Amino acid sequence: MDSELAVDAVGVTKTFGSLCAVDDVTVKVEAGEVYGVLGPNGAGKTTFLRMLFGLVRPDSGTIRIFDRSWAADGVATLDGVAGFIESPAFYPYLTGRQNLEGLGLLDGGVRRDRVDEILELVDLTDRAGDAVGGYSYGMRQRLGVAASLIREPRLLVLDEPANGLDPAGIRDMRALVRRLAARGLTVLLSSHHMDEVEEICDNVTIMRQGGVAFHGAIAELRAMAPDPGYALSTTADDRALEIAAATPGIAAVHGPGTGLVVTGPAHEVSSYVSALVRAEVRLLAFTPTRTPLEQLFFMLTDTDPQEAEAA
Amino acid sequence: MSATDVLTGRPTAAGPTTRRRPGLGSALRWESRKLRAQLRVKALLGGAVLVPIAVVVVMHSQPRPPKDTLFGRFALDNGFAMALLVLGFAVQWVLPLLTSIVAGNIFASEDQHGTWKTVLTRSTSRATLFWAKTVVSVAFALVALALLAASTVTASLLIVGRQPLTGLSGQTIHAQRALELVVASWATMALPMVGFTCLALLFSVWSRNVAVGIAAPVVIGLVMQLVGALGGIESLRPFLLTTPFEAWHGLLAEPRFTGPLLDSVVTSAGWSVVCLAAAFLILRRRDITGG
Ligand SMILES: Nc1ncnc2c1ncn2[C@@H]1O[C@H](COP(=O)(O)OP(=O)(O)O)[C@@H](O)[C@H]1O
Ligand SMILES: [Mg+2]
């Protein structure tokens with residue numbers, strides 16, 4: 001049973017001075033699934049992933065990857081594992097191809113035509129002969145994917161892979177992860193965006209200040225999610241509040257700026273809107289505040305949504 | 001081959017992929033490839049060849065010899081003396097600097113570029129990378145020293161001449177013997193060069209800072225020379241890494257004495273072993289949190 005697990009991390013803890021960056025975290029990733037580690041900035045996601053790669057030594061807890069551990073197997077623990085931590089870093093004075101070929105040497109050798117294929121895949125063939133120092137952020141990110149794929153991994157570990165990418169880059173990255181997963185690759189990724197994890201992951205661990213705030217299936221999370229919220233702006237907000245108080249299942253409060261925030265099940269909200277129209281309160285704006293899962297994420301991690309959006 | 005075939009790579013259902021484990025050889029190839037791609041390394045090796053020629057030409061054109069320097073009195077009309085004068089000058093800071101520019105950089109530049117995480121997430125262990133960097137740094141130091149020595153001796157003999165040399169005890173050494181002794185003197189520099197290389201490697205690992213890795217060994221070398229020049233510290237002298245830089249004096253005395261050379265082996269080896277052991281332990285234990 002244990003050998004089915006791609007990642008089996010139990011009770012992993014790491015402190016930096018007095019700060020507990022990762023506090024008793026247990027994560028089990030089944031072979032073949034896409035697993036998300038979700039949490040706001042500073043939650044400990046990167047530190048946890050660094051421990052998987054043996055970059056950081058845990059204070060306590062055990063980590064097994066495909067049933068191998070750093071203590072027993074050393075660097076062989078990383079056989080079949082690839083990925084990157086934060087934004088991928090390369091040698092700026094070497095070309096993209098030289099970087100890949102050199103890292104291939106550290107993998108035990110890589111065929112030249114394999115490097116060509118991978119460069120083609122991440123769309124860097126034309127720039128492969130240029131020094132990486134001149135690459136854009138997005139190109140370096142793609143080279144990071146290439147450097148991971150030449151290892152022909154069974155487990156891909158990606159730390160906030162969409163960070164710093166433009167919307168098109170984010171879309172491409174998510175599509176790539178889905179394509180890799182469809183091919184049977186196990187993917188463990190971290191993110192601070194609920195929508196990303198919701199879109200591509202099967203299971204999730206939500207981290208908060210080093211600890212685990214939730215772990216389980218995305219479907220479970222959906223069942224826990226609060227009712228959706230809407231920002232409402234009307235010609236008569238006070239009248240709209242009164243109507244809300246009289247409508248069962250609906251809660252309305254004054255929003256942070258002007259207008260109201262209304263929450264309730266979708267069906268009740270639509271009756272409420274009809275009631276407003278009947279009372280001749282005119283709607284100026286009606287927009288969902290955030291998705292219920294996002295709302296839940298903010299609740300679980302104790303983050304202030306306003307702050308998170310500003311960041 | 002289509003993109004999707006690329007993705008599959010190899011079957012994923014089997015147990016952990018057991019690939020050919022890269023050994024020290026692969027890591028050595030990688031490290032030396034990186035060195036060869038760096039402009040500064042080419043510049044250093046070029047400088048090791050060209051600068052001595054310029055120095056010999058300039059010295060040779062001086063009206064008066066530098067009388068109060070070892071072999072300075074004869075340097076303007078004796079090529080062997082010139083080669084030894086340049087040696088006496090090189091040991092003050094040129095040799096430590098030459099090796100530090102590579103060895104002091106080789107670990108810290110991984111911090112500078114944030115690439116520890118890149119290389120340590122492959123299939124090569126920290127220990128293997130450590131030894132690869134160490135071997136490549138030592139090899140560079142020895143190559144640079146050999147180029148510097150060959151260029152100095154050749155330029156001195158061609159520009160100044162091959163007259164018999166007056167030794168440190170006033171004895172006359174005929175040209176063939178003098179050449180052997182000059183080459184041997186330069187060759188003894190290999191020991192403290194390796195010592196300074198290991199010192200620079202230690203600073204490179206410990207400080208994680210390229211500037212510290214390069215400057216600290218040079219400054220420490222200068223301080224040790226100052227300390228060595230003080231009176232009344234005879235008991236301390238065998239422990240200084242700069243003392244081996246003077247061991248060659250015995251080769252040019254009459255009768256010849258080689259005691260300092262043996263001490264120099266012990267001193268250089270001692271510094272090298274201690275510095276490498278410390279560097280290895282620091283790197284092994286270290287958490288890679290940057291980059
Ligand atoms: N080297 C370090 N020294 C001290 N504190 C650190 C270090 N690395 C990370 N931390 C702290 O650990 C916490 C978790 O950081 P991190 O794992 O980077 O979180 P995340 O990736 O979720 O944003 C943060 O509070 C961070 O400041
Ligand atoms: Mg992070």
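Couple of notes before you dig in:
- Residue check for B:S185: in contact with an Asp or Glu (Cβ under 9 Å, 6 or more places away or on another chain) and open to solvent by less than 70 Å² (accessible area, probe 1.4 Å): no
- The single condition among (1) more than 15 Å from ligand 1 (Cβ to nearest atom); (2) within 10 Å of chain B (Cβ to nearest Cβ); (3) in contact with a helix residue (DSSP H, G or I) (Cβ under 8 Å, 6 or more places away or on another chain) that A:L55 does not satisfy is (1).
- Restricted to segment A:33-52, and to residues there that are open to solvent by 20 Å² or more (accessible area, probe 1.4 Å) and more than 8 Å from chain B (Cβ to nearest Cβ), the residue that is farthest from ligand 1 (Cβ to nearest atom) is A:P40.
- Subset of segment A:134-164 that is among the small types (G, A, S) and more than 11 Å from every other protein chain (Cβ to nearest Cβ) - its residue that is surrounded by the fewest Cβ atoms within 10 Å (Cβ to Cβ): A:S136
- Within segment A:101-123, residues that are surrounded by fewer than 16 Cβ atoms within 10 Å (Cβ to Cβ) reach partners that are among the polar types (S, T, N, Q) and assigned to a helix (DSSP H, G or I) with beta carbons closer than 9 Å, at six or more positions or on different chains, in the pairs A:G109/B:S26.
- Here A:V261 does not qualify as outside the structural domain of A:A217 (by TED's automatic domain parsing) and in contact with a Lys or Arg (Cβ under 7 Å, 6 or more places away or on another chain).
- Residue match in segment B:220-227 (condition: touching a helix residue (DSSP H, G or I) at 6+ places or on another chain (Cβ under 7 Å) and more than 27 Å from B:F130 (Cβ to Cβ)): yes
- Evaluated against (1) of a type outside the set (D, E); (2) within 30 Å of A:L300 (Cα to Cα); (3) in contact with a Pro (Cβ under 7 Å, 6 or more places away or on another chain), A:L105 falls short on exactly one condition, (2).
- Candidate set from segment A:58-86 (those that are facing chain B (nearest Cβ under 8 Å) and part of a helix (DSSP H, G or I)); member that is least open to solvent (accessible area, probe 1.4 Å): A:L78
- Only one of B:V102, B:V57 that is in a helix (DSSP H, G or I) and more than 17 Å from B:L201 (Cα to Cα): B:V57
- Verdict on A:V27 being within 16 Å of ligand 2 (Cβ to nearest atom), more than 14 Å from every other protein chain (Cβ to nearest Cβ) and assigned to a strand (DSSP E or B): yes
The values are calculated or read from the model by the stated rules, or taken from the named source; none is laboratory data. Quantities reported herein were computed from a predicted structural model and do not represent experimental measurements. Note: ideal-geometry Cβ built from the backbone for every residue, glycine included; neighbour counts use all protein chains shown. Just so you know, the surface numbers come from the protein's heavy atoms only, side chains and all, with ligands and any DNA or RNA stripped out. Shrake-Rupley method; radii C 1.70, N 1.55, O 1.52, S 1.80 Å.
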